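The values are calculated or read from the model by the stated rules, or taken from the named source; none is laboratory data. These numbers come from a predicted model, not from an experiment. Cβ atoms come from the backbone with ideal geometry, glycine included; neighbour counts cover every protein chain shown. Only protein heavy atoms, including side chains, enter the accessible area calculation; ligands, DNA and RNA are left aside. Shrake-Rupley method; radii C 1.70, N 1.55, O 1.52, S 1.80 Å.
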Amino acid sequence: MSATQSGGRWLVSTVDSARAHAVELLRTRTTRRLVRRLSRGFVGVRHDVSALTLVAAPLLAVVTEWWVVRSHGYRRIHSWAVGTWTGTDPHVLVFVGVAVLLAISVVFTVVNSGVVPATFLVMGPLFGIGFARYGLATRYGTVGIPEATASGGVLAIAFGVPIGVIGFLVGTALRKGVVHFGGRRGPDGGLWKA
């Protein structure tokens, strides 16, 4: 019983010591600066602008889905994407679409930073393209909401995440270049925070 009590006291003492050390570490200026930089890198400098992506990305998905259904249709855009990906039948519209998505991510990053919202903005239109499968007749039946949602999700993750992250990296480099070469004022009139 004595060994158990001794071990229990040692464990409580170790946990208390580790907790006190962690609290002290979190109070340092270096740690606060690191947490602030990570927050800006993940969420963005202005949290209100980043929160707008929660509205803008689904809106972009709906508009893109509507455009796909009303213009060329999912099957044609799918064949263009596959032809471009494999190199058998490349289409300019696919390259333009990727360039527009990349530009959205770059511009958002230059203005506000934040890899998560920049990527989320890119994922919205790609989800809309994948969801445009809804209602299509296939040899297995009609594509329902679960299958269309899964298609949109896979497309958004498989292509949206890499495009968004690349756009974030390019935007971060541009943002740091603007700060480095003397453009110290950001688009809202405040100082750039790279």
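Some observations on this one:
- Stretch in the chain that is longest and holds no chymotrypsin sites (Phe, Trp or Tyr not before Pro) that DSSP places in a loop and that have at most 10 other beta carbons within 10 Å: 1-139
- On Cα atoms only, tilt of 145-155 relative to the major axis of the chain in degrees: 70
- For the stretch 92-185, trypsin sites (Lys or Arg not before Pro) are listed when DSSP marks them as loop and at most 14 other Cβ atoms sit within 10 Å of their Cβ; the list is ARG139, ARG184.
- Label positions at THR142 and ILE157, each projected 7 Å from the Cα along the C-beta direction, are separated by 2.8 nm.
- Taking the accessible area of the chain, probe 1.4 Å, and keeping the other protein chains in place, the carbon and sulfur fraction comes to 70%.
- Accessible area in square angstrom per residue, the stretch 1-150, 1.4 angstrom probe: 67
- Identified option (computed Rg and Dmax of the Cα atoms in Å; candidates (1) 18.5, 64; (2) 19.9, 68; (3) 23.8, 79): (3)
- Nearest-ten-degree value, helix 92-112 long axis tilted from longest Cα axis of the chain: 30
- In this Cβ point-charge picture (+1 for Lys and Arg, -1 for Asp and Glu), the stretch 45-181 has a dipole of about 80 debye about its Cα centre.
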